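Student: Right, I'll just put the structure down here and ask away after.
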Amino acid sequence: MQVESLAWRRHGATLLFVLLWSGGALAAKWGLTHASAFAFLVVRLGVALAALTLIALTRRQWWPAAGTRWQVAGTGVLLIGGYQAAYLLALANDITPGALATVLGVQPILTLVALERAHSARRLAGLALALVGLALVVAQSLMSARLSAAGSVWALGALACMTLGTLAQKSSRQTPLDVLPLQYAVGLALALLVAPTQPWHFDASWGFWLPLLYMGLVISVGATLLLYRMIATGNLVTVTSLFYLVPVVTALLDWGIFGHRPTTLAVAGTAAILLGLRLALR
(Lines give C-alpha, C1' and ligand atoms only; values in the text may rest on other atoms or scores of the structure.)
Protein backbone atom coordinates (compact mmCIF):
# COMPACT_ATOMS: atom_id res chain seq x y z
CA MET A 1 0.00 0.00 0.00
CA GLN A 2 2.85 2.38 0.81
CA VAL A 3 4.50 1.78 -2.59
CA GLU A 4 1.13 2.24 -4.32
CA SER A 5 0.54 5.51 -2.44
CA LEU A 6 3.99 6.77 -3.45
CA ALA A 7 3.28 5.92 -7.10
CA TRP A 8 -0.01 7.84 -7.01
CA ARG A 9 1.73 10.87 -5.49
CA ARG A 10 4.35 10.79 -8.23
CA HIS A 11 1.72 10.47 -10.96
CA GLY A 12 -0.25 13.31 -9.36
CA ALA A 13 2.81 15.57 -9.24
CA THR A 14 3.58 14.78 -12.89
CA LEU A 15 0.04 15.54 -14.05
CA LEU A 16 -0.04 18.74 -11.99
CA PHE A 17 3.26 19.90 -13.50
CA VAL A 18 2.10 19.31 -17.09
CA LEU A 19 -1.20 21.10 -16.41
CA LEU A 20 0.42 24.13 -14.73
CA TRP A 21 3.19 24.43 -17.33
CA SER A 22 0.70 24.14 -20.20
CA GLY A 23 -1.37 26.99 -18.78
CA GLY A 24 1.75 29.14 -18.88
CA ALA A 25 1.60 29.44 -22.68
CA LEU A 26 -1.89 30.97 -22.50
CA ALA A 27 -0.92 33.25 -19.61
CA ALA A 28 2.21 34.46 -21.41
CA LYS A 29 0.24 35.12 -24.61
CA TRP A 30 -2.25 37.21 -22.62
CA GLY A 31 0.43 39.10 -20.72
CA LEU A 32 2.44 39.93 -23.84
CA THR A 33 -0.54 41.82 -25.28
CA HIS A 34 0.00 44.29 -22.42
CA ALA A 35 3.81 44.39 -22.23
CA SER A 36 6.97 43.99 -24.24
CA ALA A 37 8.65 40.62 -23.92
CA PHE A 38 11.65 41.65 -21.80
CA ALA A 39 9.59 43.93 -19.57
CA PHE A 40 7.35 40.95 -18.84
CA LEU A 41 10.35 38.66 -18.29
CA VAL A 42 12.23 41.01 -15.95
CA VAL A 43 9.19 41.73 -13.76
CA ARG A 44 8.27 38.02 -13.77
CA LEU A 45 11.75 37.03 -12.57
CA GLY A 46 11.62 39.81 -9.95
CA VAL A 47 8.29 38.51 -8.61
CA ALA A 48 9.66 34.96 -8.48
CA LEU A 49 12.84 36.08 -6.71
CA ALA A 50 10.80 38.07 -4.15
CA ALA A 51 8.65 35.00 -3.40
CA LEU A 52 11.70 32.74 -3.09
CA THR A 53 13.37 35.29 -0.80
CA LEU A 54 10.34 35.24 1.51
CA ILE A 55 10.49 31.44 1.57
CA ALA A 56 14.22 31.62 2.36
CA LEU A 57 13.42 33.95 5.27
CA THR A 58 11.03 31.42 6.77
CA ARG A 59 13.51 28.57 6.22
CA ARG A 60 16.52 30.65 7.36
CA GLN A 61 18.41 29.12 4.46
CA TRP A 62 19.89 31.74 2.13
CA TRP A 63 22.66 30.04 0.19
CA PRO A 64 23.44 26.69 -1.38
CA ALA A 65 26.05 24.61 0.38
CA ALA A 66 29.58 25.97 0.44
CA GLY A 67 31.61 24.72 -2.49
CA THR A 68 28.57 24.40 -4.77
CA ARG A 69 27.60 28.05 -5.25
CA TRP A 70 29.45 28.65 -8.50
CA GLN A 71 27.97 25.46 -9.97
CA VAL A 72 24.48 26.47 -8.81
CA ALA A 73 24.92 29.97 -10.24
CA GLY A 74 26.13 28.54 -13.56
CA THR A 75 23.06 26.31 -13.73
CA GLY A 76 20.91 29.39 -13.10
CA VAL A 77 22.64 31.25 -15.94
CA LEU A 78 21.78 28.38 -18.29
CA LEU A 79 18.36 27.26 -17.08
CA ILE A 80 16.77 30.49 -15.82
CA GLY A 81 18.45 33.45 -17.52
CA GLY A 82 20.07 32.04 -20.65
CA TYR A 83 17.20 29.82 -21.76
CA GLN A 84 14.49 32.44 -21.27
CA ALA A 85 16.51 35.25 -22.85
CA ALA A 86 17.47 33.10 -25.86
CA TYR A 87 13.83 31.95 -26.22
CA LEU A 88 12.56 35.54 -26.37
CA LEU A 89 15.36 36.69 -28.68
CA ALA A 90 14.58 33.82 -31.08
CA LEU A 91 10.94 34.98 -31.23
CA ALA A 92 12.09 38.59 -31.66
CA ASN A 93 14.14 37.50 -34.70
CA ASP A 94 11.19 36.01 -36.60
CA ILE A 95 11.23 32.41 -35.34
CA THR A 96 7.58 31.41 -34.90
CA PRO A 97 6.51 29.74 -31.61
CA GLY A 98 5.79 26.47 -33.46
CA ALA A 99 9.23 26.36 -35.07
CA LEU A 100 10.86 27.15 -31.73
CA ALA A 101 8.84 24.44 -29.96
CA THR A 102 9.99 21.93 -32.59
CA VAL A 103 13.65 22.90 -32.13
CA LEU A 104 13.31 22.56 -28.35
CA GLY A 105 11.61 19.18 -28.88
CA VAL A 106 15.01 17.77 -29.79
CA GLN A 107 16.06 18.05 -26.12
CA PRO A 108 14.85 14.60 -24.94
CA ILE A 109 16.73 12.96 -27.83
CA LEU A 110 19.93 14.85 -26.96
CA THR A 111 19.45 13.93 -23.30
CA LEU A 112 19.00 10.26 -24.19
CA VAL A 113 22.17 10.24 -26.32
CA ALA A 114 24.13 12.07 -23.59
CA LEU A 115 23.07 9.90 -20.67
CA GLU A 116 22.28 6.40 -21.94
CA ARG A 117 25.06 4.76 -23.90
CA ALA A 118 23.00 1.62 -24.45
CA HIS A 119 19.89 3.46 -25.69
CA SER A 120 17.65 1.13 -27.65
CA ALA A 121 16.31 1.70 -31.15
CA ARG A 122 12.81 1.56 -29.66
CA ARG A 123 13.43 4.49 -27.33
CA LEU A 124 15.01 6.59 -30.07
CA ALA A 125 12.19 5.74 -32.49
CA GLY A 126 9.59 6.62 -29.85
CA LEU A 127 11.14 10.03 -29.16
CA ALA A 128 11.49 10.71 -32.89
CA LEU A 129 7.80 9.84 -33.40
CA ALA A 130 6.85 12.15 -30.52
CA LEU A 131 8.89 14.93 -32.14
CA VAL A 132 7.04 14.41 -35.44
CA GLY A 133 3.77 14.55 -33.49
CA LEU A 134 4.88 17.82 -31.87
CA ALA A 135 5.57 19.28 -35.33
CA LEU A 136 2.04 18.30 -36.40
CA VAL A 137 0.49 19.91 -33.30
CA VAL A 138 2.23 23.21 -34.09
CA ALA A 139 2.01 22.74 -37.88
CA GLN A 140 0.17 26.00 -38.56
CA SER A 141 2.85 28.04 -36.82
CA LEU A 142 5.59 25.85 -38.28
CA MET A 143 4.41 26.33 -41.87
CA SER A 144 4.42 30.11 -41.49
CA ALA A 145 7.97 30.12 -40.11
CA ARG A 146 10.52 32.46 -41.65
CA LEU A 147 13.94 31.26 -40.57
CA SER A 148 16.52 34.01 -40.08
CA ALA A 149 20.15 33.39 -39.25
CA ALA A 150 19.94 35.31 -35.96
CA GLY A 151 16.66 33.65 -34.98
CA SER A 152 18.07 30.20 -35.72
CA VAL A 153 21.16 30.89 -33.60
CA TRP A 154 19.02 32.03 -30.66
CA ALA A 155 16.72 29.01 -31.04
CA LEU A 156 19.72 26.67 -30.94
CA GLY A 157 21.04 28.67 -27.99
CA ALA A 158 17.77 28.11 -26.11
CA LEU A 159 18.01 24.38 -26.88
CA ALA A 160 21.62 24.26 -25.64
CA CYS A 161 20.82 26.20 -22.45
CA MET A 162 17.85 23.99 -21.58
CA THR A 163 19.69 20.74 -22.34
CA LEU A 164 22.92 21.63 -20.52
CA GLY A 165 21.00 23.28 -17.67
CA THR A 166 18.87 20.22 -16.94
CA LEU A 167 21.96 17.97 -17.09
CA ALA A 168 23.72 20.29 -14.62
CA GLN A 169 20.68 20.41 -12.33
CA LYS A 170 20.46 16.60 -12.35
CA SER A 171 23.90 16.46 -10.75
CA SER A 172 22.76 18.62 -7.81
CA ARG A 173 22.15 16.84 -4.52
CA GLN A 174 20.50 19.84 -2.81
CA THR A 175 16.79 20.48 -2.42
CA PRO A 176 15.24 22.85 -5.01
CA LEU A 177 14.57 25.53 -2.38
CA ASP A 178 18.28 25.58 -1.53
CA VAL A 179 19.33 26.45 -5.09
CA LEU A 180 16.44 28.37 -6.68
CA PRO A 181 16.95 31.76 -4.94
CA LEU A 182 20.53 32.08 -6.21
CA GLN A 183 19.57 30.74 -9.65
CA TYR A 184 16.77 33.29 -10.02
CA ALA A 185 19.06 36.07 -8.81
CA VAL A 186 21.64 35.37 -11.53
CA GLY A 187 18.85 34.79 -14.07
CA LEU A 188 17.37 38.19 -13.26
CA ALA A 189 20.80 39.81 -13.49
CA LEU A 190 21.31 38.32 -16.96
CA ALA A 191 17.86 39.48 -18.11
CA LEU A 192 18.61 43.00 -16.83
CA LEU A 193 21.84 43.05 -18.84
CA VAL A 194 19.95 42.22 -22.06
CA ALA A 195 16.84 44.33 -21.38
CA PRO A 196 18.30 47.76 -22.37
CA THR A 197 18.80 46.45 -25.91
CA GLN A 198 15.13 45.44 -26.25
CA PRO A 199 11.78 47.31 -26.39
CA TRP A 200 10.45 48.10 -22.91
CA HIS A 201 6.82 48.92 -22.05
CA PHE A 202 3.89 47.61 -19.99
CA ASP A 203 0.49 49.10 -19.19
CA ALA A 204 0.11 47.95 -15.54
CA SER A 205 -3.49 46.80 -16.12
CA TRP A 206 -5.06 43.59 -14.77
CA GLY A 207 -4.30 42.09 -18.18
CA PHE A 208 -0.64 42.53 -17.30
CA TRP A 209 -0.62 41.69 -13.58
CA LEU A 210 -2.83 38.58 -13.55
CA PRO A 211 -0.81 36.59 -16.12
CA LEU A 212 2.39 38.00 -14.65
CA LEU A 213 1.52 36.66 -11.19
CA TYR A 214 0.61 33.29 -12.71
CA MET A 215 3.95 33.13 -14.52
CA GLY A 216 5.97 34.57 -11.63
CA LEU A 217 4.44 32.51 -8.80
CA VAL A 218 2.69 29.46 -10.24
CA ILE A 219 5.17 28.68 -13.04
CA SER A 220 8.48 30.17 -11.86
CA VAL A 221 8.06 28.96 -8.25
CA GLY A 222 5.43 26.21 -7.98
CA ALA A 223 5.88 24.37 -11.28
CA THR A 224 9.66 24.85 -11.24
CA LEU A 225 9.86 23.28 -7.77
CA LEU A 226 7.93 20.28 -9.15
CA LEU A 227 10.23 20.13 -12.18
CA TYR A 228 13.39 20.23 -10.07
CA ARG A 229 12.06 17.52 -7.78
CA MET A 230 11.27 15.31 -10.79
CA ILE A 231 14.73 15.98 -12.24
CA ALA A 232 16.30 14.95 -8.92
CA THR A 233 14.27 11.77 -8.39
CA GLY A 234 13.36 10.59 -11.89
CA ASN A 235 14.93 9.51 -15.16
CA LEU A 236 15.99 12.69 -16.95
CA VAL A 237 14.90 11.43 -20.40
CA THR A 238 11.45 10.68 -19.00
CA VAL A 239 11.20 14.08 -17.33
CA THR A 240 12.26 16.04 -20.42
CA SER A 241 9.86 13.97 -22.56
CA LEU A 242 6.96 15.42 -20.55
CA PHE A 243 7.44 18.66 -22.50
CA TYR A 244 6.05 16.89 -25.57
CA LEU A 245 2.71 16.87 -23.75
CA VAL A 246 2.69 20.61 -23.03
CA PRO A 247 1.49 21.81 -26.48
CA VAL A 248 -1.19 19.12 -26.42
CA VAL A 249 -2.57 20.18 -23.04
CA THR A 250 -2.23 23.86 -24.02
CA ALA A 251 -4.37 23.17 -27.11
CA LEU A 252 -6.97 21.40 -24.95
CA LEU A 253 -7.03 24.31 -22.49
CA ASP A 254 -7.35 26.75 -25.39
CA TRP A 255 -10.30 24.72 -26.70
CA GLY A 256 -11.96 24.43 -23.29
CA ILE A 257 -11.44 28.08 -22.24
CA PHE A 258 -11.55 30.02 -25.51
CA GLY A 259 -13.38 27.60 -27.81
CA HIS A 260 -10.51 27.27 -30.33
CA ARG A 261 -10.98 23.75 -31.73
CA PRO A 262 -7.82 21.71 -32.44
CA THR A 263 -7.10 21.10 -36.12
CA THR A 264 -7.09 17.64 -37.67
CA LEU A 265 -3.28 17.81 -37.83
CA ALA A 266 -3.15 18.65 -34.13
CA VAL A 267 -5.30 15.62 -33.28
CA ALA A 268 -3.06 13.40 -35.43
CA GLY A 269 0.00 14.93 -33.78
CA THR A 270 -1.42 14.25 -30.32
CA ALA A 271 -1.89 10.58 -31.23
CA ALA A 272 1.69 10.42 -32.53
CA ILE A 273 3.05 12.02 -29.34
CA LEU A 274 1.19 9.59 -27.09
CA LEU A 275 2.27 6.57 -29.17
CA GLY A 276 5.85 7.81 -29.33
CA LEU A 277 6.04 8.34 -25.56
CA ARG A 278 4.56 4.89 -24.98
CA LEU A 279 7.32 3.38 -27.11
CA ALA A 280 10.09 5.47 -25.57
CA LEU A 281 9.09 5.26 -21.91
CA ARG A 282 7.58 1.78 -21.67
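Student: Quick check: convex hull over the Cα atoms of the stretch 192-248, volume per residue in Å³, rounded to an integer?
Tutor: 141
Student: Give me the net charge of Val137's neighbourhood, meaning all other residues with Cβ under 14 Å from the Cβ of Val137; Lys, Arg count +1, Asp, Glu -1.
Tutor: 0
Student: May I have the convex hull volume per residue, in Å³, for the Cα set of the stretch 58-103?
Tutor: So the per-residue hull volume is 106 Å³.
Student: Counting only protein heavy atoms and a 1.4 Å probe, tell me what percentage of the chain's accessible area is made up of carbon and sulfur.
Tutor: 70
Student: Oh, and also: 7 Å from Cα along Cα→Cβ at both Val106 and His260: what's the point-to-point distance in nm?
Tutor: Here the modelled spin labels are 2.6 nm apart.
Student: With a length cut of 27 Å (Cα positions projected on each helix's long axis) and a Kyte-Doolittle mean of at least 0.5, go through the chain and give me the DSSP H helices that pass.
Tutor: Span-like helices in the chain: 37-59, 149-170.
Student: Report the chymotrypsin sites (Phe, Trp or Tyr not before Pro) located in the stretch 32-97 that are in a DSSP loop and have at most 13 other Cβ atoms inside 10 Å of their Cβ, or state none.
Tutor: Passing sites in the stretch 32-97 are Trp62.
Student: Would you pull out the residues with amide H under 5 Å of Gln198's amide H, same chain only if 5 or more places away, H placed 1.01 Å from N?
Tutor: none
Student: Would you calculate the separation in nanometres between label points at Gln174 and Leu275, each defined as 7 Å from the Cα along the Cα-to-beta-carbon direction?
Tutor: Spacing of the two 7 Å Cα→Cβ label points: 4.5 nm.
Student: If we restrict to alpha carbons, what Rg and Dmax does the stretch 140-238 come to, in Å?
Tutor: Answer for the stretch 140-238, Rg first and Dmax second: 16.6, 43 Å.
Student: Could you list the trypsin sites (Lys or Arg not before Pro) in the stretch 11-112 that lie in coil according to DSSP, counting only those with at most 16 other Cβ atoms within 10 Å of their Cβ?
Tutor: Here the sparse-neighbourhood loop sites are Arg60.
Student: Let me ask something else about it. Pull out the extension gain between Trp30 and Leu16, defined as 0.36 nm times the separation in residues minus the alpha carbon to alpha carbon distance; nm, one decimal.
Tutor: Here the segment from Trp30 to Leu16 would lengthen by 2.9 nm.
Student: Per DSSP H run of n ≥ 4, the term is -39500 (n - 2.57); total these for the chain, divide by its residue number, and report the mean residue ellipticity at 222 nm rounded to 500 deg cm²/dmol.
Tutor: -23500 deg cm²/dmol
Student: Continuing with this model, one more query. Plugging the Kirkwood radius over Cα pairs into Stokes-Einstein for the chain, at a temperature of 37 °C and a viscosity of 0.692 mPa s, what D comes out in µm²/s?
Tutor: In µm²/s, the coefficient is 169.
Student: Show me the ranking of peptides 256-263, 182-189 by mean Cβ neighbours inside 10 Å, starting with the highest.
Tutor: Result, highest mean Cβ count within 10 Å first: 182-189, 256-263.
Student: Something else: What's the Kirkwood radius of the stretch 38-158 in Å, using all Cα pairs?
Tutor: 17.0
Student: Along the Cα→Cβ direction, 7 angstrom out, place labels at Trp63 and Thr238. What is the inter-label distance in nm?
Tutor: Placing both labels 7 Å beyond Cα along the Cβ direction yields 3.6 nm.
Student: May I ask you to give the solvent-accessible area per residue for the chain, in square angstrom, as obtained with a 1.4 angstrom probe?
Tutor: 50
The values are calculated or read from the model by the stated rules, or taken from the named source; none is laboratory data. Quick caveat, the model's predicted, so the values are computed rather than measured. Ideal geometry is used to build each Cβ from the backbone, glycine not excepted, and the neighbour counts take in all protein chains shown. Quick note on the areas: whole protein, heavy atoms, side chains included, nothing else; ligands and nucleic acids left out. Shrake-Rupley method; radii C 1.70, N 1.55, O 1.52, S 1.80 Å.
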